[in-house]
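Data first, discussion second: the structure below is written as structure tokens.
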Ligand SMILES: [Zn+2]
Ligand SMILES: [Zn+2]
């Protein structure tokens, strides 16, 4: 267990507890070792941006975007079109059709179905 090793582990995002486990010592012992040897490293985490999928390194464990521009953009999600079952990429949560054509087609289907059901009632 050297200062360099501990420093490297801390840089990779290991917690005191994780380093302790690695060396078979307590979390407290690691913390004291770091304090004594002035190992002051902010842990860094390797992440993939949820918007552009670029890898990035952050010191914030719950950061999911590489930059502010990406954070402003809503992440795209894959969805299936309600009408044609084609896979589509969208940022809109309420989008269920891949195109206006599919929406119209589905609405017409629905309209026809309602008409048919009504016709049944009238019989
Ligand atoms: Zn990004
Ligand atoms: Zn569609």
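The values are calculated or read from the model by the stated rules, or taken from the named source; none is laboratory data. Just so it is clear, the structure is predicted and the values come from calculations on it, not from any experiment. Don't worry about glycine lacking a Cβ; one is built from the backbone with ideal geometry, like all the others, and counts go over all protein chains shown.
Observations on the model:
Listed here are the residues, each with its yes/no results for (1) surrounded by 14 or more Cβ atoms within 10 Å (Cβ to Cβ); (2) farther than 30 Å from residue 72 by Cβ.
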| position | (1), (2) |
| --- | --- |
| 27 | yes, yes |
| 36 | no, yes |
| 46 | no, no |
| 56 | yes, no |
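- Residue 65 surrounded by 10 or more Cβ atoms within 10 Å (Cβ to Cβ) and more than 16 Å from ligand 2 (Cβ to nearest atom): yes
- The condition (being more than 10 Å from ligand 2 (Cβ to nearest atom), surrounded by 11 or more Cβ atoms within 10 Å (Cβ to Cβ) and modelled with pLDDT under 85) is satisfied by just one residue among 92, 109, 73: 73.
- Of the residues making up the stretch 53-112, those that are within 30 Å of residue 42 (Cα to Cα), part of a loop (DSSP other than H, G, I, E, B) and touching a strand residue (DSSP E or B) at 6+ places or on another chain (Cβ under 6 Å) are 61, 66.
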